[in-house]
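Enquirer: I'd like to ask some things about the structure below.
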Amino acid sequence: MQNVCFQQLALWRAICRSKIAASITQVTEPMELTVKATLKDGVLTITIPVQTPTESASGKTLVVASSHGNQPTTVMIDGKPVVIGLNAYIRK
């Protein structure tokens, strides 16, 4: 009986590892980010395309635009790139 339990546990671990690896692959695939930023006359303008509303990770809102984390831009202040993290959403 103990040997069967170990085999089932090994199979379960292999399945979980496979699913985790698949989800990591999906998340880490390169995606085209189209967040653009400009600085003119002291005004930072951020442009990002609006997408079809997609449920957020928490399920509480619908995301309509996202930078998918903090993204460095070509805008420089004091010699350093401005980093933008942007989420636009609507309530469910």
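Enquirer: Could you look through the stretch 77-92, keep only residues that are touching a residue at least 24 places away in the same chain (Cβ under 8 Å) and not in a loop (DSSP other than H, G, I, E, B), and pick out the one that is nearest to the chain's Cα centre (by Cα)?
Expert: By that ranking, first place goes to N87.
Quick grid of which residues meet (1) of a type in the set (S, T, Y); (2) modelled with pLDDT of 60 or more; (3) in a helix (DSSP H, G or I):
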| site | (1), (2), (3) |
| --- | --- |
| N3 | no, no, yes |
| W12 | no, no, yes |
| I20 | no, no, yes |
| S23 | yes, no, yes |
| Q26 | no, no, yes |
| L39 | no, yes, no |
| L44 | no, yes, no |
| V63 | no, yes, no |
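Enquirer: Between residues in the stretch 37-61 that are within 20 Å of P81 (Cβ to Cβ) and touching a residue at least 12 places away in the same chain (Cβ under 8 Å) and residues that are among the basic types (K, R) and part of a strand (DSSP E or B), which pairs lie under 9 Å by C-beta distance while being six or more apart or on different chains?
Expert: Qualifying pairs under 9 Å: I46/K36; T47/K36; I48/K36.
The values are calculated or read from the model by the stated rules, or taken from the named source; none is laboratory data. This one's a predicted model, so the numbers in the text were calculated from it and none came from an experiment. For neighbour counting, all protein chains shown are included, and Cβ atoms are generated from backbone atoms with ideal geometry for every residue, glycine included.
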